[in-house]
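Notes follow once the structure below has been shown.
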Ligand code: MLT
């Protein structure tokens with residue numbers, strides 16, 4: 001008889017957002033009259049911008065005629081998109097087109113990248129954390145070292161004194177919305193180079209950065225190409241949560257060691273892994289993603305993100321007025337705050353759902369340091385957010 005991967009059994013329970021969906025579903029079945037406001041999972045609500053829609057329509061038409069039809073594409077993505085990414089997102093960093101691997105989203109890539117790492121690698125994980133890094137590390141049976149990110153360190157974990165083989169960093173951060181300064185990121189890069197530590201840098205939310213001194217990419221830091229992989233997504237940048245497209249940058253200078261101490265380049269290894277397990281993101285999604293980089297597309301997505309950021313500041317203001325000291329919401333769609341009246345995260349989740357019909361994400365779902373905290377997103381409409389703040393303001397005082 002086949003034997004199960006015991007590591008999966010040890011995960012227990014449901015994936016965080018599945019648990020939230022289950023509790024919410026149960027509540028709506030019992031209270032169909034309540035108009036629920038969802039500020040839990042970071043799912044966008046605004047439609048795709050016109051430039052993306054036009055490009056995707058044209059791509060569908062391409063598929064309707066034998067001359068322009070596309071079947072399997074290159075596993076690492078079409079050059080038209082890789083070129084647009086390098087030209088726009090990595091201008092001035094020296095990142096090359098064959099260092100960019102297009103995929104169906106950052107969730108898959110962050111989950112899959114562990115295939116390249118030995119089982120016994122000691123992995124640093126921020127706490128609280130986007131559950132994918134921790135869960136996939138546990139599924140692989142890797143030792144994980146949690147790095148506390150709390151009010152005391154501005155939700156930017158301290159650089160450890162011990163040697164880690166790899167470390168996850170995510171900025172602007174999911175779930176806390178914290179951002180990292182160029183100086184602090186440079187210190188992480190120095191640590192990584194000195195300790196031969198691989199940085200797994202998730203910058204899925206970089207499009208929300210508005211302060212000029214906050215780095216958008218780790219490759220703005222000298223030396224990062226020798227120690228860091230970067231994950232990006234069109235989900236929040238361009239509303240692709242349903243379309244699915246993202247990419248990962250694996251520089252050719254980036255090397256880790258084999259068991260016999262040889263230096264191995266990760267770029268051809270990721271190409272090998274992807275071509276074996278993945279058949280590429282769809283042509284239609286990639287044409288849509290390419291349109292994000294057109295002058296008109298860039299204007300359009302900026303407007304959408306500005307609107308989400310306005311909603312984020314509305315939430316921040318309400319929380320501040322209620323006496324909370326929220327983190328995030330300035331250069332991020334997430335706002336992180338302490339639960340009122342000493343409630344635990346799940347207590348507050350259930351309480352808010354029952355009393356106000358508002359869905360948030362309990363901080364404890366992101367790790368032990370998140371206990372007693374909650375996360376809201378700025379992706380609901382302005383009207384729905386205003387209504388949610390009205391329903392919440394007396395509860396959180
Ligand atoms: C979140 O709410 O944390 C994100 O939407 C999850 C994701 O991007 O997979």
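We did not get these values from a lab; they are worked out from the coordinates using the rules stated. Because the structure is predicted, anything quoted here is derived from the model rather than measured. Don't worry about glycine lacking a Cβ; one is built from the backbone with ideal geometry, like all the others, and counts go over all protein chains shown.
Among 225, 252, sorting on how many other beta-carbon atoms sit within 10 Å of each Cβ, with the fewest leading, yields 252, 225.
Projected label points at residue 341 and residue 325, each 7 Å from Cα along the beta carbon direction, are separated by 2.3 nanometres.
In terms of its alpha-carbon gyration tensor, region 279-397 comes out prolate; a/c meets the 1.5 threshold, and the first ratio a/b outweighs b/c.
When the chain is treated as a Gaussian network with alpha carbon springs shorter than 10 Å, the biggest mean-square fluctuation among 194, 67, 226 belongs to 67. With the helix formula -39500 (n - 2.57) applied to DSSP H stretches of n ≥ 4, the chain reaches a computed 222 nm mean residue ellipticity of -12000 deg cm²/dmol. Need one word for region 194-287: rounded, prolate or oblate. Basis is the Cα gyration tensor (sqrt eigenvalues a ≥ b ≥ c); a/c below 1.5 gives rounded, then a/b vs b/c decides. It is oblate, given that a/c is not under 1.5 and a/b is not larger than b/c. The mean sequence separation of alpha-carbon pairs under 8 Å and at least six residues apart, normalised by the residue count of the chain, gives a relative contact order of 23 percent. Under the shape rule built on the C-alpha gyration tensor, where the axes satisfy a ≥ b ≥ c, region 112-260 is rounded, since a/c falls short of 1.5.
Residues 339, 276 in ascending order of nearby Cβ atoms (within 10 Å, fewest first): 276, 339.
When 119, 302, 54 are sorted by how many other C-beta atoms sit within 10 angstrom of their C-beta, beginning with the fewest, the order is 119, 302, 54.
Once the Cα-Cα distance is subtracted from the 0.36 nm per residue extended length, the residue 98 to residue 310 segment shows a gain of 72.6 nm. Annotation for residue 212 and residue 265: the two label points, set 7 Å from Cα along the Cα-Cβ direction, are 3.8 nm apart. P(r) for the chain, from all Cα pairs and a bin width of 10 Å, is 5, 22, 31, 26, 13, 2, 0 %, short bins first. In the chain, the DSSP beta bridges split such that about 55 percent are antiparallel, to the nearest 5. Residues of region 227-242 falling in the label zone of residue 91, defined by backbone nitrogen less than 20 Å from a point 7 Å along Cα to beta-carbon, are 232-234, 237-238.
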